[in-house]
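Everything below concerns the one structure shown next.
Read-outs: derived from the displayed coordinates by stated rules, not from any lab. Because the structure is predicted, anything quoted here is derived from the model rather than measured. Because the Cβ atoms are built from the backbone with ideal geometry, glycine has one as well, and the counts that use them run over all protein chains shown.
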Amino acid sequence: MTDSEKLTHFLHQQVAHWNNGDKAGFLACYRDIATKALSIEYLGVAKADPWLMLEGMWQAQPTIKIEVLECIQIGNQAASHHRNLLADGSISTETIELYTLTDGALESRIFIQRP
């Protein structure tokens, strides 16, 4: 499977696992794609261990569902616009997420806009 195909699979599966409340599946998506390295950067926030960041993100999962508004992928790079919705349907946050996958190393840069 090419990096492009792996990235396509990852982009769809991570959201599906999140929305289904499947933490093991969500984390497995990252382990399966980032076999050599994982970098997650929230713009404007201090860098931290990416695996701890994923655990921290998961703490919000019971109250947030992800709606993918747009996802554009060119080869091994992608940009996704997500709307994070609360149970009542109101917007919690919107994100633009940039992904690059190169030979088992996944880099993610996340821009967050709060309403």
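Would you confirm whether or not the range 42-53 contains a residue that is of a type in the set (A, V, I, L, M, F, W, C) and part of a strand (DSSP E or B)? No, the range 42-53 contains no residue that is of a type in the set (A, V, I, L, M, F, W, C) and part of a strand (DSSP E or B). Here is a check on your reading of the model: is A105 loosely packed, with under 14 Cβ neighbours inside 10 Å, under 18 Å from F26 (Cα atoms), in contact with a strand residue (DSSP E or B) (Cβ under 9 Å, 6 or more places away or on another chain) and of a type in the set (A, V, I, L, M)? No: the conditions fail for A105. Hey, can you tell me all the residues within the range 93-102 that are surrounded by 15 or more Cβ atoms within 10 Å (Cβ to Cβ) and either touching a helix residue (DSSP H, G or I) at 6+ places or on another chain (Cβ under 7 Å) or closer than 26 Å to T63 by Cβ (or both)? Correct list: T93, E94, T95, I96, E97, L98, Y99, L101.
In the range 43-56, the residue that is surrounded by the fewest Cβ atoms within 10 Å (Cβ to Cβ) out of those that are closer than 15 Å to L106 by Cβ and not charged (D, E, K, R) is W51. Scanning the range 64-110 for residues that are β-branched (V, I, T) and outside any loop (DSSP other than H, G, I, E, B) gives I66, V68, I72, I74, I91, T93, T95, I96, T100, T102, I110. Scanning the range 5-38 for residues that are surrounded by 14 or more Cβ atoms within 10 Å (Cβ to Cβ) and touching a strand residue (DSSP E or B) at 6+ places or on another chain (Cβ under 7 Å) yields a total of 11. For K65, the requirement of being of a type in the set (D, E, K, R) and loosely packed, with under 15 Cβ neighbours inside 10 Å is not met.
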